[in-house]
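Working notes, structure below.
The values are calculated or read from the model by the stated rules, or taken from the named source; none is laboratory data. Just so we're clear, the structure is a prediction, and the values are computed from it rather than from any experiment. Cβ: placed from backbone, ideal geometry, glycine included. Neighbour counts: every protein chain shown. When the accessible area is computed, the model is the full protein with side chains, heavy atoms only, and any ligands, DNA or RNA have been set aside. Shrake-Rupley method; radii C 1.70, N 1.55, O 1.52, S 1.80 Å.
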There are 2 protein chains.
Amino acid sequence: MNLGFYMPTKVIVGKDCVRENSDVFKIGKKALIVTGKNSAKLSGALDDVKYALEKNNIEYVIFDKVMSNPTVECVYDGAETAMEEEVDFVIAIGGGSPMDSAKAIALLAVSDIERKNLFDGNIGNKALPMIHIPTTAGTGSEVTPYAILTNHEKQTKKSIASPCLFPTYALLDAKYTKNLGLATTVNTAIDSLSHSVEGMMSKRANIMADVIAKEAVKIIASTFDDLISGELTEDDREKLLYASMLGGVVISQTKTTAVHAMGYSLTYFKNIDHGRANGLLLGEFTKYIERNDKDRVKEILSCMNLDSAEEFKNILAKILGDKEKFEKEELELYAEIAQNAGGTLNSMFVPSKDEILQIYVESLM
Amino acid sequence: MNLGFYMPTKVIVGKDCVRENSDVFKIGKKALIVTGKNSAKLSGALDDVKYALEKNNIEYVIFDKVMSNPTVECVYDGAETAMEEEVDFVIAIGGGSPMDSAKAIALLAVSDIERKNLFDGNIGNKALPMIHIPTTAGTGSEVTPYAILTNHEKQTKKSIASPCLFPTYALLDAKYTKNLGLATTVNTAIDSLSHSVEGMMSKRANIMADVIAKEAVKIIASTFDDLISGELTEDDREKLLYASMLGGVVISQTKTTAVHAMGYSLTYFKNIDHGRANGLLLGEFTKYIERNDKDRVKEILSCMNLDSAEEFKNILAKILGDKEKFEKEELELYAEIAQNAGGTLNSMFVPSKDEILQIYVESLM
């Protein structure tokens, strides 16, 4: 048995947990709130955070310029604001984009890293402390040491990783997700399903991550019918937010696999939502792993009461609806890009370039 | 859904993990190795630690005066050595006694706490960084924020708790446990079983701790036959060490219950080993919880393929063998002591003094 486990974030889950745990915001004197244009306000999370900060006389500045699939420019811009305003901690409100941006901003606010070196794997271990408040149930970023940014130079999304990127606190209240549209709800749910399933198909899979991944897969599978019908209950929302946090704990141990690596091109070139991109590829990649290790995939499928990866692929197709159109040439380019990506190499069986292309073709054409 | 989760210790599990991860010892320049008279040497762990330290030119001093059920005097003595020798981190090698002592020493080496105030709940949040290397598979102390010491004033064992008592690293190698005698193996296995079962009968039980507890209970139950026959395999040793760590993760979230609170008197007054003391009471306490919440106990029992708490009690009796003798008056004193203990009040149903006495009587007479 070989195992490594590290996840230092303090997780608090519950209705009204931001207002009821306002003391946790005392980790600093002045906060930079990192968020997107709308989600923080619409979800009600920003009001709760303001309440908690004002109650404790903590100053704050809002940086709300985070776009979907945030760029390197965006996070350097945020870090400049953090330094100018002399904040001493960062609060992220939103989905993966604001949470990942907040991590990069917290890093860059106290580390002198040139843009060209940001992805070279040597970012040190110093960042401002952070509090993350997810308003979607997908990324799990609130409990991971990763920040995913768009890297135009490599024409894909790339992650930066360091233990200093684990937030100090993650505050999870499912009420912030209740007004999410169906597409976002589905895409993020499938993203978090992908995290746990990929965690079990990762080279770094281990028995402790497995336990958590299986629980997450079971929980998400119990919402499949409602994801298909589009009728999400409050209970579904709680389950999905909890499971997405579990998925984050999983990948903070195992990292992701070829599914994420391959999905990035669908997002980069076709603007397909990140979770949806993973979902479009996950079934076929699971079939690929099944051909190499049937028992392993059986373990995963049994959490969903499924018998074959084909069946899994069909359910995902039902949840995700009509596919986008692709040309063979596009997929060849994507396969080229994905073949040496970290996620690909982290798969428990590493697909060759031809196999990657085959997975793309079987998934998308 | 309400949940809090925090466990910042980096866990590394695997054969030869101390030698193979010697870099982790670079958290300081001079170490105090805290251990008992024999276990560190006999298990081979001390040799491995010396190898790792010498490889990195890290100085060390050995404090090997920790006795079973360590006293307050012992840890102040260790802290004095730590200060005199100007160590900057602490390495614990051993079972619960050295690991818990090491935590108190790491705390007292940098905090000015008077003996009379040690248990008053206000110990601050500053301690030397620690690396814990268990040589028994029971306590789980390597991943908890607790240190349990003997408190003669209150005639029982009391815990001190602070997030600063989480070790920085826990290094788990089952080879250190392979020469443990059968009694120690059984008692520590039952201690860790008790942690996970109690975690599920705690007021603080939560869905994440449940997942981990269930896994631990399943694993330990798979060794019941070998614990009874006394023929432990290498695989059993790995499983038990892993499960004891999981049990530590569980109680670091849920704390323990009346079982631990009641067990402390058996240890304090009759010198019964800690794990055995819990095991003698666990079956009857589970019956008490079963009378109040049958479904909850069913969830626990199903991990062991058992149908009733009575059946669980019988298996524990088989594993633990002949009981010690007790007088009714003794048990009345113990019930008096246990009734207001923290563990008792942390039970999901809090037994009255009469119910505590009844649990003692049904367990021990």
Calculated SAXS-style log₁₀ I(q)/I(0) at q = 0.11, 0.17, 0.18 Å⁻¹ - the range B:10-176, Debye, Cα scatterers: -0.38, -0.92, -1.04
Here is the link list: A:Lys15/A:Lys255; A:Lys175/A:Lys239; A:Lys214/B:Lys218. Which ones come out longer than 22 Å on Cα distance? A:Lys15/A:Lys255
Just how large is the dipole of chain A about the Cα centre, in debye to the nearest 20, putting +1 at every Lys and Arg Cβ and -1 at every Asp and Glu Cβ? 420
Given contacts defined as C-alpha pairs under 8 Å and at least six residues apart, what's the relative contact order of the range A:141-253, whole-number percent? 34
Testing the spin-label approximation: label points 7 Å from Cα along Cα→Cβ at B:Leu182 and A:Val361. State their distance in nm. 6.4
Could you run the numbers on buried accessible area between B and A, total for both chains, 1.4 angstrom probe, in Å² to the nearest 100? 2200
For chain A, take the longest principal axis of its alpha carbons; what is the angle in degrees between that and the long axis of helix A:309-320, to the nearest 10 within 0 to 90? 50
Here the correct list, in nm and shortest first, of distances from B:Ser302 to the same site in the other copies, label points 7 Å along Cα→Cβ, is 1.5
Taking the alpha-carbon centroid of each part, what is the distance from the range A:249-288 to the range A:37-51 in angstrom? 29
Residues in the range A:9-29 that a label on B:Val110 would reach, taking backbone N under 18 Å of a point 7 Å out along Cα→Cβ: none
Calculate the length of the line joining the C-alpha centroid of the range B:125-183 to that of the range B:1-30, in whole Å. 14
Answer in debye to the nearest 20: the dipole magnitude of the range A:160-246 about its Cα centre, from +1 Lys/Arg and -1 Asp/Glu charges placed on Cβ, is 360
Assuming R0 = 56 Å, what is the FRET efficiency of B:Asp293 and A:Glu327, from their Cβ-Cβ distance, to the nearest 0.05? 0.40
Which order, highest average first, do B:98-111, B:295-308 follow once you tally other Cβ atoms within 10 Å for each residue and take the mean per peptide? B:98-111, B:295-308
Within the range B:300-365, which trypsin sites (Lys or Arg not before Pro) sit in a loop by DSSP and count at most 10 neighbouring Cβ atoms inside 10 Å? B:Lys325
Charge dipole (the range B:10-176, unit charges on Cβ, about Cα centre) - positive-most of B:Thr144, B:Tyr76, B:Ile58: B:Thr144
Given the rotation that superposes chain A on chain B, what residue of A brings its beta carbon nearest the axis, and what is the distance in Å? A:Pro8, 2
Using a label position 7 Å from Cα in the Cα→Cβ direction, what is the ascending list of nm distances from B:Glu332 to the same site in the other copies? 9.2
Report the extension gain between B:Met83 and B:Ser352 in nm, rounded to one decimal, defined as 0.36 nm multiplied by the number of residues separating them, less their alpha carbon distance. 92.4 nm
What number, rounded to the nearest 500 deg cm²/dmol, is the helix-based mean residue ellipticity at 222 nm of the protein assembly as shown, given -39500 (n - 2.57) per DSSP H run of at least four residues and division by all its residues? -16000 deg cm²/dmol
When Cβ neighbours within 10 Å are restricted to other protein chains, what is their mean count per residue of peptide A:11-17? 4
Among A:Ala221, A:Met365, B:Ile272, which residue has its Cα furthest toward the positive end of the charge dipole of the protein assembly as shown, with +1 on Lys/Arg Cβ and -1 on Asp/Glu Cβ? B:Ile272
Grab the beta carbon distance between B:Asn125 and A:Ile315, set R0 = 60 Å, and tell me the FRET efficiency rounded to 0.05. 0.80
Assign unit charges at the C-beta atoms only (+1 for Lys and Arg, -1 for Asp and Glu), then state the dipole size of the protein assembly as shown relative to its Cα centre in Debye, rounded to the nearest 20. 300
Which of the GluC sites (Glu not before Pro) across the range A:300-365 are loop residues per DSSP, with 11 or fewer other Cβ within 10 Å? A:Glu327
Relative to chain A, whose Cα atoms define the longest principal axis, helix A:96-108 and its Cα axis are tilted in degrees, nearest 10, by 60
Hey, can you grab everything whose amide H is under 5 Å from the amide H of A:Val11? Only 5+ residues off in sequence or another chain; H modelled, so Pro and N-termini drop out. A:Ala170, B:Phe5, B:Tyr6
If you plug each phi of the range A:129-135 into the Karplus form 6.51 cos²θ - 1.76 cosθ + 1.60 with θ = phi - 60°, what whole-Hz ³J(HN,Hα) values come out, in order, with x for Gly and Pro? x, 9, 10, 10, 10, x, 10
Using a label point 7 angstrom from Cα along Cα-to-C-beta, what distances in nm, from shortest up, separate A:Asp235 from the other copies? 3.9
First measure r as the distance between the Cβ atoms of A:Ser222 and B:Ser222, then evaluate 1/(1 + (r/R0)^6) with R0 = 35 Å and state the FRET efficiency to the nearest 0.05. 0.80
Against the longest principal axis of chain B, how steep is helix B:353-364, in degrees 0 to 90 to the nearest 10, with axes from Cα atoms? 80
